[in-house]
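Right, one structure below, let's go through it.
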Protein chains: 2
Amino acid sequence: MTETGPVTVLPVSFVGGAHGPWRVTASTAVVGEGLAGAERLAVHEGPGPDGAGAVWTLRGVVSHARYVTAAESRALAARSPALGRDGATRAALIPVRKSPRWWALAQDERREILEERSRHVTLGMRSLPAVARRLHHGRDLGEPFDFLTWFEYAPADAAGFEDLVSALRATPEWDYVDREVDVRLER
Amino acid sequence: MTETGPVTVLPVSFVGGAHGPWRVTASTAVVGEGLAGAERLAVHEGPGPDGAGAVWTLRGVVSHARYVTAAESRALAARSPALGRDGATRAALIPVRKSPRWWALAQDERREILEERSRHVTLGMRSLPAVARRLHHGRDLGEPFDFLTWFEYAPADAAGFEDLVSALRATPEWDYVDREVDVRLER
């Protein structure tokens, strides 16, 4: 069987405030409440900072994949670039919370909405290898967002990234999103 | 679509030490390292105690189901008793960690091993409504165990519970268990 993806759990903190390599260029409340204004963003891997001096700190863990099949996992692994590429000077942090109605669904129902009806994996695949992506899970941690998705791309790929985000927001899956913020960044 | 199961995340701490309503009658290292000796066990729901005075504290969250289908979810909900029944004076806390090999598998591969090859859900269903069960997830929290399963049953149902535990340990799914402790309790 395929053995790809992270096998350990990596805690990651996204810290909005006055420090960090990423400059916040926009912060939009897409669904529900937004985030307070922050000038810069730092991304900490490993046991988190205490949040002192931060405007906000969002936490999540890079953990095992929850929906993709073995075949999809292989295809994604073959095309997915690493984070931190030299030319990838644009980034987006998109924290999302899904509704109680989503979490009350069974695994097969959630998978059907996510892929068979919304083509979430397929849409993401189309933006590879231009757009690097890493998903962080916050739900079991009691965090305000269930997911923190982090994207990195080159300025030349910005239009393709906007297409991806727009396409996802138009899917049936997004009917279950009850809070979403879109933070754009440059370094 | 079905909407069953918890829609919020409930943190739970299992505290082994000198206090609590449950008396530890046995603690067995089934696979890998065991737990230190504790006379009693307390179960705390909500934001956890600080662990002061405890011999060990294991944390997990009651969260959404990860593998069951909508049909299985309905069948389980229809037969599952509540915790805390008067006659259910026996309990078991079975902390389990699965191997990196398990977590590297895709969702469809894990589901196939768990149910199609190991009949985990089917076996659990057979012990309902005699054995009440609640699953707590610890993996994303960075806890030493991925799962803390809690069972409650009446003395008259003890043999059925032993059959369930033995049957599960003989499945292909259990090849992926790399640490398991079995703590038995009475109140």
The stretch B:155-187: number of residues that are over 13 Å from the mean Cα position of the chain (by Cα), farther than 16 Å from residue B:100 by Cα and open to solvent by 30 Å² or more (accessible area, probe 1.4 Å): 13
Given the criteria among the acidic types (Asp, Glu) and within 19 Å of residue A:65 (Cα to Cα), does residue A:146 qualify? yes
Where the second residue is part of a loop (DSSP other than H, G, I, E, B) and of a type in the set (Val, Ile, Thr) and the first is within 7 Å of chain A (Cβ to nearest Cβ) and lies in the stretch B:57-68, which pairs have Cβ atoms under 8 Å and are six or more apart or on separate chains? B:61/B:9; B:63/B:9; B:64/B:7
Residue pairs, Cβ under 8 Å, 6 or more apart or interchain, first in the stretch B:22-49 and open to solvent by 50 Å² or more (accessible area, probe 1.4 Å), second of a type in the set (S, T, N, Q) and part of a loop (DSSP other than H, G, I, E, B). List them. none
Within the stretch A:24-42, residues being aliphatic (A, V, I, L, M), more than 23 Å from residue A:52 (Cβ to Cβ) and under 16 Å from the mean Cα position of the chain (by Cα) number 3
Would you check if residue B:89 is more than 20 Å from residue B:178 (Cα to Cα), in contact with a helix residue (DSSP H, G or I) (Cβ under 8 Å, 6 or more places away or on another chain), in contact (Cβ under 8 Å) with a residue 12 or more places away in the chain and β-branched (Val, Ile, Thr)? yes
Counting only residues that are β-branched (Val, Ile, Thr) and within 14 Å of chain A (Cβ to nearest Cβ), which one in the stretch B:103-141 is nearest to residue A:73 (Cα to Cα)? B:113
Restricted to the stretch B:139-153 and to residues being more than 16 Å from residue B:15 (Cβ to Cβ), out of contact with any helix residue (DSSP H, G or I) (no Cβ under 7 Å at 6 or more places or on another chain) and of a type outside the set (Asp, Glu), the residue surrounded by the fewest Cβ atoms within 10 Å (Cβ to Cβ) is B:142
Need the failing condition index for residue A:79 against (1) in contact with a Leu (Cβ under 6 Å, 6 or more places away or on another chain); (2) open to solvent by 30 Å² or more (accessible area, probe 1.4 Å); (3) within 14 Å of chain B (Cβ to nearest Cβ), just the number. (3)
If you go through the stretch B:51-66 one residue at a time, do you hit one that is in contact with an Asp or Glu (Cβ under 6 Å, 6 or more places away or on another chain) and open to solvent by 20 Å² or more (accessible area, probe 1.4 Å)? yes
Report whether or not residue B:71 is closer than 25 Å to residue B:174 by Cα and in contact with a helix residue (DSSP H, G or I) (Cβ under 8 Å, 6 or more places away or on another chain). no
Residue pairs within 8 Å by beta carbon, gap of at least six or interchain, first lying in the stretch A:157-169 and within 14 Å of residue A:121 (Cα to Cα) and touching a residue at least 40 places away in the same chain (Cβ under 8 Å), second open to solvent by 70 Å² or more (accessible area, probe 1.4 Å) and in a helix (DSSP H, G or I), listed first then second, are A:164/A:126
Top-ranked residue in the stretch B:6-21 [being within 14 Å of another protein chain (Cβ to nearest Cβ) and part of a loop (DSSP other than H, G, I, E, B); ranked as surrounded by the fewest Cβ atoms within 10 Å (Cβ to Cβ)]: B:8
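The values are calculated or read from the model by the stated rules, or taken from the named source; none is laboratory data. Just so you know, these numbers come straight off a predicted model, no measurement behind them. Note that each Cβ is placed from the backbone with ideal geometry, even for glycine, and that neighbours are counted across all protein chains shown. Accessible surface is based on the protein model in full, side chains and every heavy atom, while ligands, DNA and RNA are left aside. Shrake-Rupley method; radii C 1.70, N 1.55, O 1.52, S 1.80 Å.
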